[in-house]
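Asker: Below: one structure in structure tokens.
The values are calculated or read from the model by the stated rules, or taken from the named source; none is laboratory data. All figures in this text were calculated on a predicted structure; none of them were measured in a lab. In this analysis, Cβ positions are derived from the backbone assuming ideal geometry, glycine residues included, and neighbour counts consider all displayed protein chains.
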Amino acid sequence: MDTSFVRERITQLRMAKGISEYQMSYDLGHSRGYINNITSGKSLPSLTELFAICDYFEITLPEFFGGASNPKLIKDVNSGLEQLNEKDLHLIQSFVERLLQK
């Protein structure tokens, strides 16, 4: 993994959320070019800032590095699955397997 992963991951998560670099910079309490400097390769976030970015996207650090395109959605789905009974889980498992067959 190299530094380009962090830049690309932030861009991926930001675009999935539908916000601009400027808005994200502002929401994180930084100057308007903060996120642009990261995504353009001029700088990298500190570890503290990376945690703040994860909080911003409502994900954990492992989820950030996991690469899922929408980790919050996956977390929400998993949370819902935990509330289902075993019969319903088997039904969903069959459905997922069918979708993956394409």
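Asker: Which number in (1) within 12 Å of the chain's Cα centre (by Cα); (2) not aliphatic (A, V, I, L, M); (3) not assigned by TED's automatic domain parsing to the domain that holds ILE92 marks the one condition that LYS75 misses?
Answerer: The failed condition is (3).
Asker: Which residue is surrounded by the fewest Cβ atoms within 10 Å (Cβ to Cβ), if the candidates are limited to the stretch 32-61 and must be hydroxyl-bearing (Ser, Thr, Tyr) and within 14 Å of THR11 (Cβ to Cβ)?
Answerer: So the first thing to find is which residues in the stretch 32-61 are hydroxyl-bearing (Ser, Thr, Tyr), and the list is 34, 39-40, 43, 46, 48, 56, 60.
When the remaining residues are screened for being within 14 Å of THR11 (Cβ to Cβ), the result is 34, 39-40, 56.
Values: TYR34: 19, THR39: 18, SER40: 11, TYR56: 16.
Per the criteria, the residue is SER40.
Asker: Quick one: count up the residues across the stretch 42-59 that are in contact (Cβ under 8 Å) with a residue 40 or more places away in the chain and small (Gly, Ala, Ser).
Answerer: As a first pass, look at the stretch 42-59 and keep what is in contact (Cβ under 8 Å) with a residue 40 or more places away in the chain: 44, 50, 53, 57, 59.
Within this subset, residues satisfying the condition of being small (Gly, Ala, Ser) are none.
The number of residues fulfilling the criteria is 0.
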